[in-house]
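The values are calculated or read from the model by the stated rules, or taken from the named source; none is laboratory data. As the structure is a computational prediction, the values presented were derived from the model and not from experiment. Cβ sites come from the backbone with ideal geometry, for glycine too, and all protein chains shown count toward neighbours.
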Amino acid sequence: MGTTKTATARALIDPEVKKQAEDILNELGLSVSGSFELFYRQVIAQHGLPFELRVPNKKTMKAIENSRQGKGKRFSTTEELYNDLGI
């Protein structure tokens, strides 16, 4: 019977981010090690990060900030939204 070789990977992560991620992984039945293995395999398969990274433009950043501050229009129904958009 052969032995499986493993390597160690270490990372410094914000403790709250770590806890939240581990809670979600536990709900999914995944270990942190297994999740890192999946991530690394996807990096290989995609030949890059397995998700898109983009820097928001100024207009998008302003919209994000307004949303975080509770500013902006709110609609109770899609009909209200469509009416506001004129469609």
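Looking at V17, V43, which is the one that is surrounded by 10 or more Cβ atoms within 10 Å (Cβ to Cβ) and among the β-branched types (V, I, T)?
V43
Just the residues that are farther than 21 Å from R41 by Cα and assigned to a helix (DSSP H, G or I), please, taken from segment 3-28. Within segment 3-28, P15, E16, V17, K19, Q20, D23, E27 qualify.
Looking at the structure I just gave you, is F51 surrounded by 10 or more Cβ atoms within 10 Å (Cβ to Cβ), assigned to a loop (DSSP other than H, G, I, E, B) and either in contact (Cβ under 8 Å) with a residue 60 or more places away in the chain or among the aromatic types (F, W, Y) (or both)? Here the answer is no, as F51 does not meet what is asked. Might you check whether a residue that is modelled with pLDDT under 95 and surrounded by 10 or more Cβ atoms within 10 Å (Cβ to Cβ) occurs anywhere in segment 20-27? No, every residue in segment 20-27 fails to be modelled with pLDDT under 95 and surrounded by 10 or more Cβ atoms within 10 Å (Cβ to Cβ). Within the bounds of segment 64-78, is there any residue that is over 15 Å from the mean Cα position of the chain (by Cα), in a helix (DSSP H, G or I), modelled with pLDDT of 95 or more and surrounded by 10 or more Cβ atoms within 10 Å (Cβ to Cβ)? Checked against the condition, which is being over 15 Å from the mean Cα position of the chain (by Cα), in a helix (DSSP H, G or I), modelled with pLDDT of 95 or more and surrounded by 10 or more Cβ atoms within 10 Å (Cβ to Cβ), segment 64-78 yields no hits at all.
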